[in-house]
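First the structure, in the form of structure tokens, and then the observations on it.
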Amino acid sequence: MRIQPIWVGRVIAIVAAALLVIYPMVSDDIYYQNMIILSLVFAVGASGLNIISGFAGYVSLGQGAFIGLGGYTIGVLAGKMPDTNPWLWVPLAGVVASAVALVLGFVSLRSRGPSFVIITVAFLFLVQVIAINWVSLTNGTAGLTLPLPTWDRDIINWPFYYVLLGILAVQVLLTWWIRRTKLGMGLIAIREDETKAATIGINLPIEKIIAFMASAFMVGMAGAVYGYYLTFIDPRGMFSILISVQLVLSMLIGGKGTLWGPVVGAFLIEWLNEMANNDWGGGNARLFLFGGLLVGVVIFLPQGVLPAVQSALEWSRTRGKAGLVGARIGTGGSLASITDRVQLVDRAELPDRPILEVKNLRKHFGGVKAVDGASFAVPEGSITGLIGPNGSGKTTIFNLIDDTIRADAGEIWLDGKRIDGRPSWDRAHAGLGRTFQITRLFREMTVLENVVAVQRSFSIGQLGRIAVSGAEARAAEELLEYVGMRAFRDQKAHALSYGQQKLVELAQILMLDPKVILLDEPAGGINPVLIERMSEMIRELNSYGKTFLLVEHNMPFVLGLCDPIHVLARGRTMATGTPDEIQRDPAVIDAYLGDDFVVEEKVEA
Ligand SMILES: Nc1ncnc2c1ncn2[C@@H]1O[C@H](COP(=O)(O)OP(=O)(O)OP(=O)(O)O)[C@@H](O)[C@H]1O
């Protein structure tokens, strides 16, 4: 029997945890106990950071602030209420850290990438400056002295050690749980492609704010224990940027986005830190070491240690095997199997009314009038085409309809309700689904996860559900079967061909069960067999009541499928009609189709 790598990992984790539990009982070496205590604090900090940086992709150099805030919470309260047991302030420190993390959560709604990193550094310094200047509360640069431990000197470190170990255990459990829930899936989607995540119904502000608060809670508690353990805290030590750098390094070295990576990284970095202090003179040696390591990791080990080991094991396991990636796409399942998720009706029974309307839509990019007063309607139950020359504004109109870009002016109505002004995820919940001209799957997720990541509605309770399980996972598998991609369910999306990605993106959108499906060049860049399959699926879904609006340059595809067709030129609708009318409209021939096209079509007929 082959031993699965996951079990090897679990056994190592259990043995390591057991060794940590028994260590103070078998050794009274205070030096090593101290070292482990520091490692535990950093492990909690790095693991918390992993929730916003590893999962959600927001790298923060301000994470150390939450350790400091925890320390100051216990320091201030223990000073003001000397008769209360200081341990009671530890959970409160978590609450304080989470409340302050809310601020960073709000910042993340408006900035991302390098600018976010810079803001987090400013945030750390801001907290430090407040701690220095709010002398009446913090005693400024003179620092605060905490009560000395009152227990037996023989076990002086034990309470700190075991409470921190417990906090780390809860932190790891929290991370493990988040990764499995809808919340975790949403965070990873945000990391992979935030704009796309919003279009599949992921409520960005709420999910990010929850993540930021969750990333700081246990860290604040660990900071409080750390402060109590130090018995003296001051702003320069507690809010030093080196602590934050050490946390980021721990996460990167161990492996961001993994469960154990940040923990392993924290122990490794603390050990190096001690070596730099003891053997290489501390101070500058530490800076040199951390700086060098940061550069080295980013260049040579971008994934981190644990993922690198995992990749090596995976490589040895799959060496010489033929990949699934080149396998043929399935012939597709029947529509009957997806009725649990996708509501199907007889198209003939649908009322005669527009389901989507855009009125006087406008978007200018500087001097470029990308969309300049476009108006058209999409009748319910139709496959409506939107065609026009390159640069006529088709994709921009899609972007405006789903709020990937906010319109300058105009109205958008979906199913009788005005939706412009509402954010992307809300429009998705209202019944809008959209694919992209260049497919935008979440590359690091599996095919199945890509489909399951969709959130058809929003509730806080739903975020806590296990993502890949139950009815949701079954529905996702059925949809993948329908588009012929079930065999690829466990493949990472980045390993798929372009055509395969188009099919998975269609399954993903169907998971939303939208009232209107916007398809941006569904036949673009794929082989003729797949084009045929795509048109079959669109036709079949439409016969069961699904409405489509599609942008496409492949004229036989559009003329065979769509009715009505709107023609755009210079950001405005210049003509609307049946395929026949459009083909014969001299203005359309002149602006888009060209004389050759009409001649060819007539010969064929
Ligand atoms: N983010 C942007 N910033 C500046 N200009 C833009 C932006 N997005 C689109 N444009 C411009 O707006 C115009 C319309 O672009 P759009 O992509 O909507 O055209 P399209 O009809 O979809 O073209 P194609 O058929 O080639 O995909 C183009 O001139 C384009 O350069």
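The values are calculated or read from the model by the stated rules, or taken from the named source; none is laboratory data. Just so it is clear, the model here is predicted, and its values are computed rather than measured. Methodologically, a virtual Cβ is constructed for each residue, glycine included, from the backbone with ideal geometry; neighbour enumeration extends over all protein chains shown.
List every residue pair whose Cβ atoms lie under 7 Å apart, where the two residues are 6 or more positions apart in sequence or sit on different chains, the first residue falls within the range 390-413 and is of a type in the set (A, V, I, L, M), and the second residue, located anywhere, is in a helix (DSSP H, G or I) and more than 6 Å from the ligand (Cβ to nearest atom).
Ile405/Asn399; Ala407/Leu400; Ile412/Ile401
Determine, yes or no, whether Met511 is crowded, with 20+ Cβ neighbours inside 10 Å, free of Cβ contacts under 8 Å to residues at least 40 places away in the same chain and away from the ligand (no atom under 15 Å from the Cβ).
Against the criterion (crowded, with 20+ Cβ neighbours inside 10 Å, free of Cβ contacts under 8 Å to residues at least 40 places away in the same chain and away from the ligand (no atom under 15 Å from the Cβ)), Met511 does not qualify.
Is it true that some residue in the range 168-181 is farther than 24 Å from Leu88 by Cα, in contact with a strand residue (DSSP E or B) (Cβ under 8 Å, 6 or more places away or on another chain) and either buried (at least 24 other Cβ atoms within 10 Å of the Cβ) or not assigned by TED's automatic domain parsing to the domain that holds Thr404 (or both)? Quick ask: steps written out before the conclusion?
So in the range 168-181, the residues farther than 24 Å from Leu88 by Cα come out as 175-181.
Those still in the list that are in contact with a strand residue (DSSP E or B) (Cβ under 8 Å, 6 or more places away or on another chain) too: 180-181.
Filter again for either buried (at least 24 other Cβ atoms within 10 Å of the Cβ) or not assigned by TED's automatic domain parsing to the domain that holds Thr404 (or both), leaving 180-181.
Yes, that holds for at least one residue.
I'm checking my understanding of the structure. Among residues of the range 524-538 that are within 29 Å of Val371 (Cα to Cα) and in contact (Cβ under 8 Å) with a residue 60 or more places away in the chain, which one is farthest from the ligand (Cβ to nearest atom)?
Filtering the range 524-538 for residues that are within 29 Å of Val371 (Cα to Cα) and in contact (Cβ under 8 Å) with a residue 60 or more places away in the chain, the one farthest from the ligand (Cβ to nearest atom) comes out as Ile538.
Only residues that are closer than 16 Å to Gly64 by Cα and among the aromatic types (Phe, Trp, Tyr): list them for the range 230-266, please.
Phe239
Do you know which residues across the range 549-593 are under 40 Å from the mean Cα position of the chain (by Cα) and part of a helix (DSSP H, G or I)?
Answer for the range 549-593, where residues must be under 40 Å from the mean Cα position of the chain (by Cα) and part of a helix (DSSP H, G or I): Met555, Pro556, Phe557, Val558, Leu559, Gly560, Leu561, Tyr592.
Kindly provide the set of residues from the range 446-473 that are closer than 17 Å to Ala197 by Cβ and touching a strand residue (DSSP E or B) at 6+ places or on another chain (Cβ under 7 Å), ordered by number.
Those that are closer than 17 Å to Ala197 by Cβ and touching a strand residue (DSSP E or B) at 6+ places or on another chain (Cβ under 7 Å): Thr446, Leu463, Ala467.
Could you check the range 219-244 and list, in sequence order, the residues that are hydrophobic (A, V, I, L, M, F, W, C), touching a Leu at 6+ places or on another chain (Cβ under 7 Å) and surrounded by 21 or more Cβ atoms within 10 Å (Cβ to Cβ)?
Ala222, Val225, Ile233, Phe239 - these are the residues of the range 219-244 that are hydrophobic (A, V, I, L, M, F, W, C), touching a Leu at 6+ places or on another chain (Cβ under 7 Å) and surrounded by 21 or more Cβ atoms within 10 Å (Cβ to Cβ).
Of all residues being outside any helix (DSSP H, G or I) and out of contact with any helix residue (DSSP H, G or I) (no Cβ under 7 Å at 6 or more places or on another chain) in the range 152-193, which is nearest to Asp234 (Cα to Cα)? Just the residue, please.
Ranking the candidates gives Ile156 first.
Can you tell me which condition Gln462 does not meet? The list is (1) within 16 Å of the ligand (Cβ to nearest atom); (2) more than 28 Å from Phe557 (Cβ to Cβ); (3) under 17 Å from the mean Cα position of the chain (by Cα), and all the others hold.
Result: Gln462 fails condition (1) only.
What residue, among those in the range 445-468 that are within 22 Å of Leu174 (Cβ to Cβ) and at pLDDT 90 or above, is surrounded by the fewest Cβ atoms within 10 Å (Cβ to Cβ)?
Filtering first and then ranking leaves Met445.
Which of the following residues is part of a helix (DSSP H, G or I) and either more than 30 Å from Gly545 (Cα to Cα) or at pLDDT 80 or above (or both): Leu287, Leu259, Leu324?
Values: Leu259 fails: part of a helix (DSSP H, G or I); Leu324 fails: part of a helix (DSSP H, G or I).
Of the residues listed, the single one that is part of a helix (DSSP H, G or I) and either more than 30 Å from Gly545 (Cα to Cα) or at pLDDT 80 or above (or both) is Leu287.
Just to confirm my filter: which strands (runs of 3 or more DSSP E) fall fully inside the range 341-436 and include at least 3 residues that are more than 16 Å from the ligand (Cβ to nearest atom)?
Hits in the range 341-436: 354-365, 368-379, 409-414.
Being more than 14 Å from Val245 (Cα to Cα) and in contact (Cβ under 8 Å) with a residue 12 or more places away in the chain is the filter here; which residues of the range 273-302 pass it? Show your work before the answer.
Pass one, the range 273-302, residues more than 14 Å from Val245 (Cα to Cα): 274-285, 296, 299-302.
Of everything in the range 273-302, those that are more than 14 Å from Val245 (Cα to Cα) and in contact (Cβ under 8 Å) with a residue 12 or more places away in the chain turn out to be Glu274, Ala276, Leu301.
Quick check on this structure: which one of Val121, Val96, Val59, Val129 is assigned to a helix (DSSP H, G or I), assigned by TED's automatic domain parsing to the domain that holds Val248, at pLDDT below 95 and on the phi < 0 side of the Ramachandran plot? Spell out how you get there, then give the answer.
Working: Val96 fails: at pLDDT below 95; Val59 fails: assigned to a helix (DSSP H, G or I); Val129 fails: at pLDDT below 95.
Every option except Val121 fails the conditions.
I'd like to check something: does the range 64-80 contain any residue that is of a type in the set (Gly, Ala, Ser), crowded, with 20+ Cβ neighbours inside 10 Å, closer than 20 Å to Leu174 by Cα and assigned by TED's automatic domain parsing to the domain that holds Gly140? Full working, then the answer.
The initial filter retains those residues of the range 64-80 that are of a type in the set (Gly, Ala, Ser), namely 64-65, 68, 70-71, 75, 78-79.
When the remaining residues are screened for being crowded, with 20+ Cβ neighbours inside 10 Å, the result is 64-65, 68, 70-71, 75, 78.
Filter once more, keeping what is closer than 20 Å to Leu174 by Cα: 64, 70.
The next check asks that each one be assigned by TED's automatic domain parsing to the domain that holds Gly140; those that pass are 64, 70.
Yes; the residues of the range 64-80 include at least one that is of a type in the set (Gly, Ala, Ser), crowded, with 20+ Cβ neighbours inside 10 Å, closer than 20 Å to Leu174 by Cα and assigned by TED's automatic domain parsing to the domain that holds Gly140.
Can you tell me which residue in the range 560-586 is farthest from the ligand (Cβ to nearest atom), limited to those that are buried (at least 21 other Cβ atoms within 10 Å of the Cβ) and not β-branched (Val, Ile, Thr)?
The extreme case among them is Leu561.
Of Ser424, Ser392, Ser334, which residue is hydroxyl-bearing (Ser, Thr, Tyr) and in contact with a helix residue (DSSP H, G or I) (Cβ under 6 Å, 6 or more places away or on another chain)?
That would be Ser424, the only listed residue that is hydroxyl-bearing (Ser, Thr, Tyr) and in contact with a helix residue (DSSP H, G or I) (Cβ under 6 Å, 6 or more places away or on another chain).
Can you pull out the residues in the range 417-434 that are in contact (Cβ under 8 Å) with a residue 40 or more places away in the chain and at positive phi?
Gly431, the sole residue that qualifies.
Can you tell me which of Arg180, Arg153 is among the charged types (D, E, K, R) and closer than 30 Å to Val454 by Cβ?
On the way: Arg153 fails: closer than 30 Å to Val454 by Cβ.
Step by step, each of Arg180, Arg153 is checked, and only Arg180 is among the charged types (D, E, K, R) and closer than 30 Å to Val454 by Cβ.
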